[in-house]
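The values are calculated or read from the model by the stated rules, or taken from the named source; none is laboratory data. Just so we're clear, the structure is a prediction, and the values are computed from it rather than from any experiment. Neighbour counts run over all protein chains shown; Cβ positions are idealised from the backbone, glycine included.
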Amino acid sequence: MKFAIVVVLAVIAITIYIIGMRWCRKVEETAFNKGVCPECGGELKCVDTDSLGSRYWVCENRYSKEKPCGYDCWVSYKVDKDKIMEIKKQNNNIES
Ligand SMILES: [Zn+2]
């Protein structure tokens, strides 16, 4: 009987974990907005990465004199994969 309780608790814990992960991913997906700033429509630029591999994106209009935009976000899931690939490709073109 005790074993059954442990199994049920484990299943509940795993379910919460998976839902939590999906939710976090969704939040990041919304924040990254496919690389377009949701506040001014500018392009997001990757300016930093942390030790765990998260990417820090800031709006390209951050230092704009006409309409400065302070939008930024950290991304740890691969919601920015396409954008990262694009940047890598561009860098390769510059090098070769
Ligand atoms: Zn912006």
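Scanning segment 58-69 for residues that are in a helix (DSSP H, G or I) and either of a type in the set (A, V, I, L, M, F, W, C) or loosely packed, with under 13 Cβ neighbours inside 10 Å (or both) turns up nothing.
Being surrounded by 12 or more Cβ atoms within 10 Å (Cβ to Cβ) and more than 25 Å from Met21 (Cα to Cα) is the filter here; which residues of segment 82-96 pass it? Steps first, please.
So the first thing to find is which residues in segment 82-96 are surrounded by 12 or more Cβ atoms within 10 Å (Cβ to Cβ), and the list is 83-84, 86-87.
Scanning segment 82-96 gives Glu86, Ile87.
Pairing residues of segment 3-31 that are in contact (Cβ under 8 Å) with a residue 24 or more places away in the chain and more than 30 Å from Asp72 (Cα to Cα) with residues that are part of a helix (DSSP H, G or I) and of a type in the set (D, E, K, R), at Cβ distances under 8 Å and at least 6 apart in sequence or on separate chains, gives no pairs at all.
For segment 29-57, the set of residues classified as touching a strand residue (DSSP E or B) at 6+ places or on another chain (Cβ under 8 Å), hydrophobic (A, V, I, L, M, F, W, C) and in a loop (DSSP other than H, G, I, E, B) consists of Cys37, Cys40, listed by residue number.
A single entry from Val79, Val47 fulfils the requirement of being of a type in the set (A, V, I, L, M, F, W, C), surrounded by 10 or more Cβ atoms within 10 Å (Cβ to Cβ) and within 16 Å of the ligand (Cβ to nearest atom): Val47. Condition (residue is at pLDDT 95 or above and within 30 Å of Gln90 (Cβ to Cβ)) applied to segment 1-13: is it met by at least one residue? No, that holds for no residue.
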